Amino acid sequence: QVQLVESGGDLVQAGGSLRLSCVASGGIFRLNDMGWYRQAPAKQRELVAFITSGGQTNYGEAGKGRFSISRDNAKNTVYLQMNSLKPEDTAVYYCYARQWGRGYWGQGTQVTVSS
């Protein structure tokens with residue numbers, strides 16, 4: 001069982017930056033593939049960024065160009081650095097972990113970008 005706790009969501013002006021954090025407990029973090037997804041009101045959840053246990057990264061359309069995912073295995077934490085934020089980035093951002101074929105979700109952190 002993996003538990004995920006996100007933090008770092010906030011209200012920010014367009015053009016600003018935020019760094020989201022997700023701390024994992026349970027299991028062996030360094031073996032987890034980790035990701036960030038987001039869901040805006042009345043929209044489907046979409047991939048923002050993903051990082052494998054080996055450090056390979058993959059970005060969804062939502063995360064290409066302005067966002068960067070990283071991980072610190074010593075801290076059991078995955079980060080999402082978001083730059084040049086736009087109002088359309090407003091959403092609940094969810095942390096995701098995949099361990100031994102099972103997926104786990106955090107409860108989400110709200111990011112609101114004002115114009």
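Looking at the stretch 1-87 alone, DSSP beta bridges between its own residues are antiparallel in about 100 percent of cases. With a simple spin-label model that places each label point 7 Å from the Cα along the Cα-to-Cβ direction, the separation between Ser68 and Trp105 comes to 2.9 nm. Summing Lys and Arg as +1 and Asp and Glu as -1 over all other residues whose Cβ lies under 13 Å from the Cβ of Gln44 gives a net charge of +1.
Would you work out the relative contact order for the stretch 24-115, in percent, from Cα pairs under 8 angstrom that are 6 or more residues apart?
That works out to 27 percent.
So if I take the centroid of the Cα atoms in the stretch 65-115 and the same for the stretch 5-47, what is the distance between those two points in Å? Spelled out, the Cα-based centre of one part sits 2 Å from the other. Simple rule: put +1 on each Lys or Arg Cβ and -1 on each Asp or Glu Cβ in the chain, find the dipole, and look at Gln13, Val78, Gly27; the Cα lying farthest toward the positive end is Gly27. Semi-axes of the equivalent ellipsoid for the stretch 1-48, computed as √(5λ) from the eigenvalues of its C-alpha gyration tensor and ordered from largest down, come to 24, 15, 9 Å. Within a straight-line Cα-Cα reach of under 18 Å, Lys64 can be paired with the following aspartates and glutamates, leaving aside sequence neighbours fewer than 8 residues apart in one chain: Glu46, Glu88, Asp89. Working note: Cα atoms of the chain, range along each principal axis, descending, whole Å: 41, 24, 22. Report in % the part of the accessible area of the chain that belongs to carbon and sulfur, leaving out ligands and nucleic acids; probe 1.4 Å. For the chain, the apolar C and S fraction of the accessible surface comes to 45 percent.
Over the stretch 17-84, what portion of Cα pair distances is larger than 16 Å, expressed as a whole percent? Of the Cα pairs, 46 percent sit more than 16 Å apart.
The calculated FRET efficiency for Gln56 paired with Val5, based on their beta-carbon distance and R0 = 30 Å, is about 0.80.
Can you give me the relative contact order of the stretch 1-55 as a percent, contacts being Cα pairs under 8 Å and 6 or more apart?
28
With unit charges on the beta carbons (Lys and Arg positive, Asp and Glu negative) and the dipole taken about the Cα centre of the chain, which residue among Phe67, Tyr96, Ser53 sits farthest to the positive side? Final value for the positive-end residue is Ser53.
Summing Cβ point charges (Lys, Arg +1; Asp, Glu -1) relative to the Cα centre of the chain gives a dipole of roughly 180 debye. For the stretch 1-98, trypsin sites (Lys or Arg not before Pro) are listed when DSSP marks them as loop and at most 15 other Cβ atoms sit within 10 Å of their Cβ; the list is Lys43, Arg45, Lys64, Arg66.
The values are calculated or read from the model by the stated rules, or taken from the named source; none is laboratory data. The shown structure was predicted, so the numbers you read here are calculated from the model rather than taken from an experiment. Every residue, glycine as well, gets a Cβ built from its backbone with ideal geometry; the counts of neighbours run over all protein chains shown. The accessibility values were calculated without ligands, DNA or RNA, using every heavy atom of the protein model including side chains. Shrake-Rupley method; radii C 1.70, N 1.55, O 1.52, S 1.80 Å.
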